[in-house]
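The values are calculated or read from the model by the stated rules, or taken from the named source; none is laboratory data. Just so you know, these numbers come straight off a predicted model, no measurement behind them. Methodologically, a virtual Cβ is constructed for each residue, glycine included, from the backbone with ideal geometry; neighbour enumeration extends over all protein chains shown. Note: areas computed on protein heavy atoms with side chains; ligands, DNA, RNA excluded. Shrake-Rupley method; radii C 1.70, N 1.55, O 1.52, S 1.80 Å.
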Amino acid sequence: MLPPYSDESLEVDETLRKPPKANNNDLFKNALSNFQFQISTHPRFWLFTFFLFFQLVVLIFTRNSPFPFSTHSPPQSLPHFPSETALFADLQKPHHDPNIIYPFGDSECEYGRVYVYNLPSKFNKDLALTTCDDLDPWKWQCGLVTNDGYGKRSTDLTGILPGNLSAAWYRTNQFSSEVIFHYRLLNYRCRTNDPDSATAFYIPFYAGQAVGKYLWTDEIENRDLLSNKVLKWIQRQKYWKKYNGSNHFLTLGRITWDFRRLGDPEKLWGSTFLNRPQMQNVSRFTIERAPWDANDISIPYPTGFHPHSEKELREWQNFVLSYNRTSLFTFIGAARGDINSDFRSRLMSYCRNESESCRVVDCAVTQCSNGSSEIQKALLSSDFCLQPKGDSLTRRSVFDCMVTGSVPVFFWRRTAYTQYQWFLPEEPGSYSVFIDPEAVRNGTASIKEILKSYSKDQVRKMREKVVETIPRIVYSRPSGGLGSVKDAFEIAVEGVLKRVKDENEWKEYVDMGS
C-alpha cells in the first residue's frame, strides 16, 4: 500500500521537486537512512504498529471465521478408499511417558502437551449414574459412563451390517462427550504429568451431568452449586493464575445454552457457569456453541460409530459409499405440536404424503434414543436426510446422518455452517443442501423437486465428500486413537493446543516489549 499523502510536501523548496539523478545504490541508502530516522524518532509508534500487525496475523491463523455459503459450488472428489489397509502400526509403537519433561521441544507434539487436573471425584466420577437401563429414554444420564463414555455394544445391528462392522457400533449417549474427552486425555500421547512442561491445562469437570439432573426442577441453586465450587478450586491452582485461565480448557457435555441462565429472558433455564467472570478466558468444547463467543468451540455430537482401527474405518467408508440407496430422502424425528407452528411436524406430514420418495422414522413411535436399527436402515437407504432444528439449532441426527453417508439437508445455516468449522468441509455446497424454511412453509418450494434436481453425478460427489469427512466427526474406540488418522478428539485437542500456544507466545512477546 502507498503511504498516505502529506501536506508537508507543500513546504518543500521548488528546486527539490526535481530530484537530481542518482544511481540505485544512492536511492537505497537514502531510503534506508530515512527509515532508520523514522524509527529512531518515533520508536513507540513503530513498536506499537508492529504489535498490531503481529496480533492480526496471529488472529487470522488461530481463529476460524465464518465462511460464505454457496448452494451449487462444485463438490470435490473423494480419494479412493483401499479395501485393505495396513493395521495401524502407529498404535503399536510406545507413546511418550507423561512423566518425562521435554525442554527442547517434541516433534510428536508440535503444539505442546496437556496437563490434566486431578479434580476431587465429586466434580466428575461421583456424578455418574452407574445403575440404570440405558434403553430407558426418560433417563438421559443412563449409559453416560459405560465403556469410558462410549456406552454398551449395540446388539441390534448384526443383521444389517456385513462382517464384523457391527462390533464398531455402541449405544452412545449424545451427552457423553465430557466423559469421552476425559478418558481420551488421560491416555493422550501429548499428555504430561509435569505441569511446568504443559502448554494447556484440562479441567475434567462433568458440567453437563452436574446441571442436567436439575434442569427440569425448580432447584435453581443446585444447578450452580458444583460449578461455583469447581471455579473456587481451580482459582487456587498455581497455573491458573499465570494467564488467568486463558491456557485452560474443558468439555461441556450439553449445549452451551444450558450454562447461560442469565441469557434466558426469564432466567429459569440452565446454570450461570458460562456467565461467571472466571470463565471468560477459558476455552470449552461444546456440542453447540454461542455464535458470538470465540471461546465456545463446537465439537461433533458423539454418534454410535467408534472404529477400533483404521482398517475398520476404511471398511465402513467403503460400505456406506457403495450401499444401494432406494429412497430419495428420509426424516427422523418426532412432531412437537401443531403442523403450522412446528416445522418438524410439517416435515413429517410432508414425508408421509411423499411416501414413494421419503422414508419416515417417527421417534414418538420408534425408540430413537442412543441409535437403533430402524434409524440405521432409514439413513443407509436414503440419498438425503432432512435436518431441521432440534430443541436448539442443531441435533445429533446431523452426525448420525453423515456417518451413514447420507447427504444432510439443512434449513437453518446455523445448524452446521457457522459451527464445526474444524471438522466439516469448508464449502457447504460440497457436502450438503440448503433449503429456505419459509419457502417450504408457504409452499413455494418443494423439497422433493429440489432434491430430484440434483443429478446422479452431483449426488455421488456430495456423498463422497460426506464419506471423506467421517473420520473427522467420529470418536475412535482405542485409547490412543487411530494412529495417523485424526478423529474428532485429536482435531479438537490439537486445535485448542495450537490456539493456547500461539496466544501464550504472543503475550510473552508483548510482556518482553513493555
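Working only within segment 169-198, note down all residues that are touching a Lys or Arg at 6+ places or on another chain (Cβ under 7 Å), part of a helix (DSSP H, G or I) and within 21 Å of V485 (Cα to Cα). Scanning segment 169-198 gives a single hit, L185. Considering only segment 482-502, I want to know if a residue exists there that is open to solvent by less than 50 Å² (accessible area, probe 1.4 Å) and on the phi > 0 side of the Ramachandran plot. Scanning segment 482-502, I find at least one residue that is open to solvent by less than 50 Å² (accessible area, probe 1.4 Å) and on the phi > 0 side of the Ramachandran plot, so the answer is yes. Test S355 against the stated conditions and say whether it is hydroxyl-bearing (S, T, Y) and surrounded by fewer than 17 Cβ atoms within 10 Å (Cβ to Cβ). So S355 passes the test. So is A294 assigned to a loop (DSSP other than H, G, I, E, B) and either open to solvent by 30 Å² or more (accessible area, probe 1.4 Å) or under 18 Å from F123 (Cα atoms) (or both) or not? When the stated conditions are applied, A294 passes them. Here the helices (runs of 4 or more DSSP H) wholly within segment 400-514 that include at least 1 residues being acidic (D, E) and touching a residue at least 60 places away in the same chain (Cβ under 8 Å) are 456-473, 488-513.
With respect to (1) assigned to a strand (DSSP E or B); (2) crowded, with 21+ Cβ neighbours inside 10 Å, the lone exception for A378 is condition (1).
Checked against the criterion of being closer than 27 Å to N353 by Cβ and either basic (K, R) or in contact with a Ser or Thr (Cβ under 7 Å, 6 or more places away or on another chain) (or both), the candidates R477, R499, R396, R460 yield just one match: R396.
Among the residues of segment 226-245, just one is open to solvent by less than 10 Å² (accessible area, probe 1.4 Å) and assigned to a loop (DSSP other than H, G, I, E, B), namely G245. For segment 341-375, filtered to residues that are in a strand (DSSP E or B) and hydrophobic (A, V, I, L, M, F, W, C), the residue that is farthest from V440 (Cα to Cα) is V361.
One residue stands out among those in segment 262-288 that are basic (K, R) and open to solvent by 10 Å² or more (accessible area, probe 1.4 Å): the one that is farthest from K498 (Cα to Cα), which is K267.
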